[in-house]
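What follows is one structure encoded as structure tokens, with my remarks underneath.
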Amino acid sequence: QVQLVESGGGLVQAGGSLRLSCAASGSTFSIHPMGWYRQAPGNQRESVAHISGGGTTNYAEFVKGRFTISRDNAKNTVYLHMNSLKPEDTAVYYCYIIIAGRYYWGQGTQVTVSS
């Protein structure tokens, strides 16, 4: 049973920073791609950042230069470091892992950026 548990969300002022964490269990974590999506009220879920098992990263244009995804395979954890946050970054952030073509999702963590 694959389980993902996110943490680190909260309320921050514009220009501030947060670090999201996603702890995985139930799988051989290090070989699988992982990443983050987000969903704001009334919007579709959108991809934010992705990291392969080998550490190759990809980012949505709207977070490039501000967000960094990383992983610590020893801790079975993927991180999303978010800097220079903007009010439009307000959303529920979900982490995922892809195993044999199937996505597994965490429960989400709320990020709220005040202006």
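The values are calculated or read from the model by the stated rules, or taken from the named source; none is laboratory data. Bear in mind that the values here come from a model prediction, so they are computed numbers and not experimental data. Heads up, the Cβs are rebuilt from the backbone with ideal geometry, glycines too, and the neighbour counts pull from every protein chain shown. When the accessible area is computed, the model is the full protein with side chains, heavy atoms only, and any ligands, DNA or RNA have been set aside. Shrake-Rupley method; radii C 1.70, N 1.55, O 1.52, S 1.80 Å.
Quick notes on this one:
- For the range 53-70, a residue qualifies if it is open to solvent by 30 Å² or more (accessible area, probe 1.4 Å) and at pLDDT 95 or above, and the qualifying residues are 56, 57, 58, 59, 61, 62, 64, 65, 68, 70.
- Scanning the range 20-30 for residues that are closer than 17 Å to residue 70 by Cα, touching a helix residue (DSSP H, G or I) at 6+ places or on another chain (Cβ under 6 Å), surrounded by fewer than 17 Cβ atoms within 10 Å (Cβ to Cβ) and not basic (Lys, Arg) turns up at least one hit.
- Hits in the range 5-19 - residues which are open to solvent by 70 Å² or more (accessible area, probe 1.4 Å) and charged (D, E, K, R): 19
- Residue that is nearest to the chain's Cα centre (by Cα), among those in the range 84-104 that are surrounded by fewer than 15 Cβ atoms within 10 Å (Cβ to Cβ) and either of a type in the set (A, V, I, L, M) or not in a loop (DSSP other than H, G, I, E, B) (or both): 103
- Annotation note: of 74, 24, 49, the sole residue that is in a strand (DSSP E or B) and at pLDDT below 95 is 24.
- Some residue of the range 72-83 being over 27 Å from residue 1 (Cα atoms), open to solvent by less than 50 Å² (accessible area, probe 1.4 Å), in contact with a strand residue (DSSP E or B) (Cβ under 6 Å, 6 or more places away or on another chain) and in contact (Cβ under 8 Å) with a residue 24 or more places away in the chain: yes
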